[in-house]
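Below is one structure; the comments refer to it alone.
Since every read-out is calculated from the coordinates, none of them should be taken as a lab result. Please read all numbers here as calculations on a predicted model, not as lab measurements. Note: ideal-geometry Cβ built from the backbone for every residue, glycine included; neighbour counts use all protein chains shown.
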Amino acid sequence: MSPRREVWLLLGGLALLACRPEFEDDSWHVDSARVLAVKSEPAEARPGAHHTFTAFLSVREAPSAVPVWSFCSAPKPLTENNAVSAACLGSSALVPLGAGLSLEADTPRAGCSSFGPDSPPGGFRPRDPDITGGYYQPLRLDLAGAQPAFHLQRIACELADAAAGTATQFGLSYVPNQNPSLDPITATVSGQPVALTEIPSAARVELTLSWAESEAETFTYYDRAQQALTRKREAMRVSWYVDAGSLDTDSTGRAENDLELRVANHWIAPKTPGKYGLWVVLRDSRGGVDFSAYVLEVRP
């Protein structure tokens, strides 16, 4: 894969970058339309299931361009370290789906062999699961003026390396992931609540996002080291983006053993009064997504 090709990879719980370019510390700053996240309903299902995909873009008004969607059918060779195959950057491995902010499509039926634990064709090795036991079908989005973005859609596959009884028990007890839901954002300045439409200029604003206890789901997990089923709790991660001012960090989160249900970030408001954009994306570690956009109004 050419190092000159920047590719956004929207990875379920991690929001990693494939072929990551050199970013400054303000990677939270957006000044043009960009795909920030993709939400799928359902969040996890067997290959071949029908999904509704919705793109979350960094725009405050209706965008003049909409994403073009394609599934990638190319398994990743052993010689590549990126999360998706280099072939996904070309056109020969793409399955066109259409264009729009939202799109309905069936995931490819070969997902568990191309991107999961089943033996794939063409001499490729089966994929290893991620730290939550999951496998993912690459979905590419092309937006005019932006680099290609990849959403990894979680697919439900059978356990391929467990005893028959364990695999049966796993199939009976595992509950597919559900998308989490964000509570409305709150803001404070110097410890005092402030409305999003009444932010003082140049103020240091603490922004807090929270979610219900049930949103961090507990799920059945196959521990390959112990060759036994256990239970894990989802980790939660929030990505933050603004189009002006500055943020302390581009991401905050809670580990799977952290029971706190909120995260906070600080935004230094611009000195110039006006309306500014804030975009937040909540991801659980199994690929579930929720997102919200806000207008922050700075007063003199």
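For the modelled label position 7 Å from the Cα of Ala225 along Cα-to-Cβ, which residues of region 108-144 have backbone nitrogen atoms closer than 18 Å?
128-134
With springs only between Cα atoms under 10 Å, which of Ser32, Ser85, Ser58 fluctuates most in a Gaussian network model of the chain?
Ser32
Counting only residues 5 or more places away or on other chains, whose amide H sits under 5 Å from the amide H of Glu217 once H atoms are built in the peptide plane?
The answer is Glu234.
Find the centroid of the Cα atoms in region 201-266 and in region 144-158, then give the distance between the two in whole Å.
Answer, in whole Å: 21.
Work out the FRET efficiency for Ser201 and Arg125 from their Cβ-Cβ distance, taking R0 = 45 Å, and round it to the nearest 0.05. Please list the in-between numbers first.
Values: r = 57 Å, r/R0 = 1.26.
Efficiency computed from Cβ-Cβ geometry: 0.20.
Scan the chain and hand back the longest stretch that contains none of the trypsin sites (Lys or Arg not before Pro) lying in DSSP loops with at most 14 other Cβ atoms within 10 Å.
Counting at most 14 other Cβ atoms within 10 Å as exposed, the longest clean stretch of the chain is 110-223.
Can you give the % of DSSP beta bridges in the chain that are antiparallel, to the nearest 5?
Close to 90 percent.
In whole percent, what relative contact order does the chain give with Cα contacts below 8 Å and a gap of six or more residues?
20 percent
Using the Karplus curve 6.51 cos²θ - 1.76 cosθ + 1.60 with θ = phi - 60°, what ³J(HN,Hα) values do you get for each residue of region 124-132, in whole Hz, with x for Gly and Pro?
Values, residue by residue: 7, 8, x, 7, 7, x, 7, 5, 9 Hz.
Give the residue list of GluC sites (Glu not before Pro) in region 185-253 that are DSSP loop and have at most 14 other beta-carbon atoms within 10 angstrom. Write down the numbers at each step before the final one.
Numbers: sites: Glu198, Glu206, Glu213, Glu215, Glu217, Glu234; in loops: Glu198, Glu217, Glu234.
Here the sparse-neighbourhood loop sites are Glu198.
Please list, ordered by chain and number, the residues whose modelled amide H lies under 5 Å from the amide H of Ala65; skip anything fewer than 5 residues away on the same chain.
Close amide H contacts, sequence-distant or interchain: none at all.
Under a straight-distance cross-link criterion of Cα-Cα below 29 Å, which lysines are reachable from Lys39, leaving out those fewer than 8 residues away in the same chain?
Hits, sequence-local ones excluded: Lys76, Lys232, Lys275.
If I model a spin label at Val189 and Asp161 as a point 7 Å from the Cα along the Cα→Cβ vector, what separation in nanometres do I get?
Going from the Val189 label point to the Asp161 one covers 5.5 nm.
Pairs of Cα atoms under 8 Å, at least six residues apart: use those to get the relative contact order of region 197-282, whole percent. Please list the in-between numbers first.
Details: 150 pairs, mean separation 32.5, N = 86.
It comes to 38 percent, rounded to a whole number.
Sequence gap at least 6, Cα distance under 8 Å: using those rules, report the relative contact order of region 126-190 to the nearest whole percent. Please list the in-between numbers first.
Numbers: 42 pairs, mean separation 13.3, N = 65.
This gives 20 percent for region 126-190.
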